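The values are calculated or read from the model by the stated rules, or taken from the named source; none is laboratory data. Note that the structure is a prediction, hence the values are computed from the model and not measured. Every residue, glycine among them, receives a Cβ derived from its backbone with ideal geometry; neighbour counts consider all protein chains shown. Each accessible area value is taken on the protein alone, full model and side chains, heavy atoms only, with ligands, DNA and RNA left out. Shrake-Rupley method; radii C 1.70, N 1.55, O 1.52, S 1.80 Å.
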Amino acid sequence: MTAREPDRAPDGRGAVRNLNPERERAILGAVLELLSEVGYDRMSIDQVARRARASKATIYRRWSGKAEMVAAAMHGMTVEHRPLPDTGTLRGDLAAGLPVFCRIYERKHAIVLGLLPAIRSDPELGRLLHGHMLRSGADEVTELLDRARARGEIGDEARVTTLVEVTKALLWHRLLLTGEPLDEDFVARTVDEVLLPLLQAG
């Protein structure tokens with residue numbers, strides 16, 4: 001039997017020890033709760049350990065510190081959802097998938113607002129969160145575009161990175177700047193006026 005390669009740290013540097021999935025969820029859940037309650041600066045490893053009923057040694061075996069835990073918790077909010085549906089068309093997949101990410105980003109909104117001051121003062125936190133933002137959603141979008149290519153709806157020039165970056169920019173623009181809702185009208189206009197033309201150009 002081949003040993004499973006240990007997970008990598010959020011920044012891709014070095015291996016970290018795997019935890020029991022339930023234990024890891026409890027710790028990351030405690031991180032999200034404390035971020036909402038007291039914010040990043042006032043949150044401590046001790047508080048996370050008490051809230052999750054875990055030892056500090058367990059936490060430090062998995063993450064190097066608070067910044068890595070927060071990046072992992074934010075990543076968990078993105079990946080923990082039901083698989084995006086295969087509707088049989090590119091437009092259908094986009095229209096069904098975008099609301100899933102709207103709800104995820106609405107959940108992240110308050111936490112991200114609370115993290116903004118810390119990101120300015122903690123370059124490591126900013127770097128880790130930036131890496132998370134670039135990665136999150138890429139696997140789902142890759143699968144969606146692969147299906148569209150197989151159906152002949154788009155060509156090989158359609159890029160996952162472009163679609164992910166544009167979609168995230170639109171979501172954060174609404175959440176952080178305009179305060180407008182991520183509603184059905186937003187989804188329909190974004191799919192028909194931005195995403196489909198972007199993917200089908202050329």
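Report, ordered by chain and residue number, the aspartates and glutamates lying within cross-link reach of Lys66, taken as a straight Cα distance under 20 Å and ignoring same-chain residues fewer than 8 apart.
Those aspartates and glutamates meeting the cut-off are Asp7, Asp11, Glu22, Glu24, Glu33, Glu37, Asp41, Asp46, Asp122, Glu124.
Report the net charge of residues surrounding Pro85, where surrounding means a beta-carbon distance below 12 angstrom and charges are Lys +1, Arg +1, Asp -1, Glu -1.
On the way: positive: Arg82, Arg147; negative: Asp86, Asp93, Glu140, Glu143.
Net charge in that neighbourhood comes out at -2.
Of [x] 18.5; [y] 17.8; [z] 17.3, which is the value of Kirkwood radius over Cα pairs in Å derived from the coordinates here?
The value matching this structure is [x].
Provide the net charge surrounding Leu145, with neighbours chosen by a C-beta distance below 12 Å and charges set as Lys +1, Arg +1, Asp -1, Glu -1.
Working: positive: Arg147, Arg149, Arg151, Arg159; negative: Asp93, Asp139, Glu140, Glu143, Asp146, Glu153, Asp156, Glu157.
Around Leu145, the charge tally is -4.
Please give me the summed charge of the neighbours of Asp192: other residues whose Cβ is under 14 Å from its Cβ, Lys and Arg +1, Asp and Glu -1. Could the numbers behind the result be given before it?
Details: positive: Arg91, Arg189; negative: Asp93, Glu184, Asp185, Glu193.
Around Asp192, the charge tally is -2.
Output the peptides 184-190, 169-175 sorted from most to least packed, where packing is the average of other Cβ atoms within 10 Å over each peptide's residues.
Most protected by this proxy first, the peptides run 169-175, 184-190.
Placing +1 at every Lys and Arg Cβ and -1 at every Asp and Glu Cβ, with all other atoms neutral, what dipole size does the chain have around its Cα centre, in debye to the nearest 20? Please report the intermediate quantities before stating the final value.
Numbers: 29 positive and 30 negative charges, 209 e Å.
In total the dipole reaches around 1000 debye.
Excluding ligands, DNA and RNA, what is the solvent-accessible area per residue of region 89-138 at a probe of 1.4 Å, expressed in Å²? Before the final figure, lay out the partial values.
Working: 2200 Å² over 50 residues.
Using a 1.4 Å probe on heavy atoms only, each residue of region 89-138 averages 44 Å².
So, in nm, how far is label Arg53 from label Arg25 when the simple model puts each one 7 Å beyond its Cα toward the Cβ?
The modelled label-to-label distance comes out at 1.5 nm.
Residue farthest toward the positive end of the dipole of the chain, with Cβ of Lys/Arg at +1 and Asp/Glu at -1: which of Pro181, Asn20, Leu125?
Asn20
Taking all protein chains as present, what is the carbon and sulfur share of the accessible area of the chain, in % to the nearest whole number, probe 1.4 Å?
Values: 5840 of 11050 Å².
Here carbon and sulfur together make up 53 percent of the probe-accessible area.
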